[in-house]
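Enquirer: Input: one structure, supplied below.
Values in this text are rule-based calculations from the coordinates and carry no lab data. All values reported here derive from a predicted model rather than from experimental measurement. Ideal geometry is used to build each Cβ from the backbone, glycine not excepted, and the neighbour counts take in all protein chains shown.
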Amino acid sequence: MSSEQGRIADTSFETESTVVVTLKKLKYSPTSLVGLFLIGALVVMAVFSTIDNFLLDRAVITWLHADPHAMNQPNRYAAPSMDHPMGTDQYGRDILVRIIYGSRTALTIGIVAVGISFVGGVVIGGVSAYFGGYVDDALMRAIEVLYAIPGLILAMIFMAIFGPSLYNLFLAYGIVGIPAYARVMRSEALSIRDRQYVEAAKLAGLPRRTILFREIVPNGIAPVVVQATLSMGSVIIGAAALSFLGFGVQPPTPDWGRMLSDGRTALLIAWWVAFFPGMMIFITVMGFNMLGDGLRDIMDPKTTVESVETDDIELEALRADEPPGETDAFDDAHDGSPTRADGSGAGTADEQGGDRS
Amino acid sequence: MSLLAVEDLRTYFFTPEGIVQAVDGIDFELEAGESLGIVGESGAGKSVAVKSLMGLIREPGRVVDGSIRFEGRELTDLSEEQLRREIRGNEIAIVFQDAMSALNPVFTVGSQLVEVIRENTGRTETEARARAIELLDDVGIPDPEQRIDEYPHQYSGGMQQRAMIAMALACDPKLIIADEPTTALDVTIQAGILDLFEDIQERYDTSVIYVTHDLGVVREVCDRVAVMYLGKIVETAPYEELYRNPKHPYTQSLLNSVVTPDATLDGIDPIEGTMPSGVSPPSGCRFRTRCPVAFDECSRLVPPRYDDGTDHDVACLLYDERNPRDEPALHERPGRGDGSAEGFTDD
C-alpha cells in the first residue's frame, strides 16, 4: 500500500493546472519578468493610492511628500528640484504625487475595460460559434460594424452619449474591445465545437449552456487571455488619449492623460509637466506588452522558453566518460548544433538569442 | 416488442457534389439484452447509421426517411430538446473509438462523470460523486477514490476507454452504442475491454450495438451480425451462422480477407478495388462492381432481402428462387486454395 501511495505521490507534479505551469515558466523569459516587475510596481502604487485616497483622505501621501490636490499658485511651473523631484504644474501641484495617484485610474481602466471586453467577447464569440447559422451571422455582422469604426472615435461617441465620467470610460473602452476578443474566441470555439468530447457531452444529454461553458470555452480560453494582456496597454493609451481630449477623467482626479493634456500648453517653458506622465504611460504599456509577449511564447506549444538544460547535463555526463584528449573535438561537434538534427533547431536558436537580448 | 426497430432508414448528405446516400434503407431489430454487431468497410455508413439513431446528423446531412422505434416511441418525431432530455444519456449512450479525444482535457474524470450523473438523475454533488466512484470501480479502474480526481491524460488508453464506458453507464441506459470501441487500443487491452462490455451487458441488462470493421470483435461479443456495404445491409445472421455459412459474396470476401496468424500472405484474399462513392452508387446491386460472381441481372435489379425463415437474411440475387445459378461460386475462383472461409470458422 505504501508503495502504491508513493507512486501516486510521484505523479502529483502532473496535476498542476496549466495556469501554474505557465506562471512557473515565466522565470525563463527575462522580458516578461521585467514586464511583471513594472506592472507589479504599478499595482503597488495603485493599491497604495486607493487606500490612501478613500480610507485615509490622502494623509499618508501628504505626510510623505505632498497632497496631490493642494494648489500653491506662487510655486507654479517649478522645475524639478529636491522639494519637487518632478516639478510642479500650472497650479503649483507636485507632479510626483499626482503621477502616483494617477496610476490608480490607469490601472483600473485597464483591468475593468479589459474585463468587460473579455467577458463580452468570450460569451459572444462562444455563442456565435456554437449555435452557428443565423445567430452567428447576426452577431458577427454586428461585431464587424463595431470593428469597422476606429476605437478612439467609437469611444468618443460613447462618451459623448453617456457623458464624461470614469465609469462611462470603463464601459466605452470595454465595448470597443469586444470585437477582437469575440473573434479570437469564435475561431477557437469553431475548432473545438467538432471535437469528440463535445459530441460525447451532447450524447450524455448535457444542456447546451453546460456544453458551451464547460466543454468549449475552457478549452479555448488561452489565446483570449493572451489577447487580454496584449490589449491592456492599448486600452490604457486609449483611455489616456480620451482624457487628453477632455472626454475622460474629470478634474481634480489625477490622471496621466489629463496631465499630459494640461502640460501641452506649457511644453516650451516647463517640459516636465507633460514629460513625466508621458513616460509613465510609456513604461506601463511597455510592461503589459512585455508580459503579454512572454505569455504568448509560453502558451504557444511551438516555441519553448526553457533553455535546453538537459543537453548540458548530458554533455557533462558524456564529458566525464570522454578520454581527455578528445574533449575539444567533441565540444565543437556538439556546440555546432545541439538540437538541430531533430528539426527543432531553429526554435531553440531563436530562443537562446531571445534570452541573451 | 423489440427494444429497437429500425425500418427503411435513409440518411442522405446534400453536398455540392451531389446527394450522398450514406445510409440507404436499412432495417434491423434489437431485442432487450441482445448485442448486435454492425460490420463493414470504412465508408459503408455504419457510423452514420448509429448517429442517425441518436439524432446526431448535422448539416448538410438529414434523415430523409424511415422509422426508428425505441421501446415503441418514434425517435424521428422527437425534437432536439426531447432527445436530449429523454433519450441521450439516460436511454441510449455511446462509447467512442478514441477515448482520449472523447474526454474533456481540462476537467478531471470525476468532475465529468459527476456532471453527467447530476444532469440526468438530479442527484446532489455528494451522491453523484459516490455513484461515480462506484461506476469507476465497476468498470475496473483500480483505486477509484484516488483516480477519480485525475485528469484524462493521466489515464492509460485502456483506462480512458473504461472511464468512457463508466460515463456511458452513468444513467443506466437501455442501449449502449459502441462505435469502434477497441480500434484505438492494443490487442491485450482490447480483450479486457471486450470482457468488460460482456460483463456490464449482463450486470446492467443493457443491449449493445457494436460498430466495427474488426470481425474478431464481432466474434467475441455479438449475438447477431449485420454486414453493411455502401449504405445497405447485405446480410444479417446470428454470428455462428454467419461464420459457418456466409451467403452474400461480400460477406464471403470479407471473411476471406481476414488476416489470421497461420495464413500466409498468399492465403489472404483482399477484396479487389475500393468502395464506390455514395454520390453515384452502382445501379442494381451496389456490390456488383467488385463482386466476383456478378451477372447481368445484378445491374438491373436491386436485390430484396431473401429470408429463408432461419433468421439469416441476405440481399443477393443469387438466392432468388427464379435464379438459375443457385450457388455462389466464390471458392472455385482460380488461384485460390479452397475452404479458407470454413477454415476461419473452425478455430
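Enquirer: About the Cα centre of the stretch A:28-299, what is the dipole size in debye to 20, counting +1 per Lys and Arg Cβ and -1 per Asp and Glu Cβ, all else neutral?
Expert: Magnitude of the dipole: close to 420 debye.
Enquirer: Take B:E145, A:E188 and order them by how many other Cβ atoms sit within 10 Å, fewest up front.
Expert: By the 10 Å Cβ count, ascending, the order reads B:E145, A:E188.
Enquirer: What per residue convex hull volume, in Å³, do the alpha-carbon atoms of the stretch A:186-239 yield?
Expert: 77
Enquirer: Along the three principal axes, how long is the stretch B:4-227 when you take its alpha carbons, biggest first, rounded to the nearest angstrom?
Expert: The principal-axis extents, from largest down, are 51, 38, 36 Å.
Enquirer: Mind checking which of B:I87, B:I233, B:I177 has the largest fluctuation in a GNM of chain B, springs on alpha carbons under 10 Å?
Expert: Answer for the Gaussian network model of chain B: B:I87.
Enquirer: Separate question: Can you tell me, using C-alpha contacts under 8 Å and at least 6 residues apart, the relative contact order of chain B as a whole percent?
Expert: The value is 19 percent.
Enquirer: Go ahead and estimate [θ] at 222 nm for chain B from helices alone: -39,500 (n - 2.57) per DSSP H run with n ≥ 4, summed, over the residue count, rounded to 500.
Expert: Taken over chain B, the calculation gives -8500 deg cm²/dmol.
Enquirer: Just to confirm my numbers, what's the Cα centroid distance between the stretch A:226-262 and the stretch A:71-122 in Å?
Expert: A separation of 10 Å, based on Cα centres.
Enquirer: For the pairs B:K174/B:K247; B:K174/B:K232; B:K51/B:K232, note any where the Cα-Cα span goes beyond 24 Å.
Expert: Going by Cα-Cα distance, B:K174/B:K247; B:K174/B:K232 fall outside the 24 Å limit.
Enquirer: Neighbouring Cβ atoms within 10 Å as the yardstick, rank B:H213, B:H248 fewest first.
Expert: B:H213, B:H248
Enquirer: Continuing with this model, one more query. Place the peptides A:143-153, A:93-103 in order of packing, highest mean first, counting for every residue the other Cβ atoms within 10 Å and averaging per peptide.
Expert: Averaged packing, sorted descending, gives the order A:93-103, A:143-153.
Enquirer: Hey, what did the stretch B:3-123 get for relative contact order, percent, Cα under 8 Å, at least 6 apart?
Expert: Contact order relative to length: 26 percent.
Enquirer: Oh, and also: I want the local charge near A:Q90. Using Cβ-Cβ distances under 15 Å, sum +1 for each Lys or Arg and -1 for each Asp or Glu among the other residues.
Expert: Counting the neighbours of A:Q90, the net charge comes to +2.
Enquirer: Around B:I133, with a cut-off of 12 angstrom between Cβ atoms, what is the net charge of the other residues, counting Lys and Arg +1 and Asp and Glu -1?
Expert: -4
Enquirer: OK, next. Could you list B:F13, A:F275 in order of exposure, starting from the residue whose Cβ has the fewest other Cβ atoms within 10 Å?
Expert: Ordered from fewest to most neighbouring Cβ atoms within 10 Å, B:F13, A:F275 come out as A:F275, B:F13.
Enquirer: Right, next: Near the amide H of B:D24, under 5 Å away, which other amide H atoms are found, from residues 5 or more places off or on another chain, if H is placed in the peptide plane?
Expert: For B:D24, the qualifying residues are B:T11, B:K232.
Enquirer: Let me check I've understood the local charge: for B:V63, count other residues with C-beta under 15 angstrom from its C-beta, Lys and Arg +1, Asp and Glu -1. What total comes out?
Expert: For residues surrounding B:V63, the net value is -4.
Enquirer: With +1 on each Lys and Arg Cβ and -1 on each Asp and Glu Cβ, how big is the dipole of the stretch B:102-179 about its Cα centre, in debye rounded to the nearest 20?
Expert: So the dipole magnitude of the stretch B:102-179 works out to roughly 160 debye.
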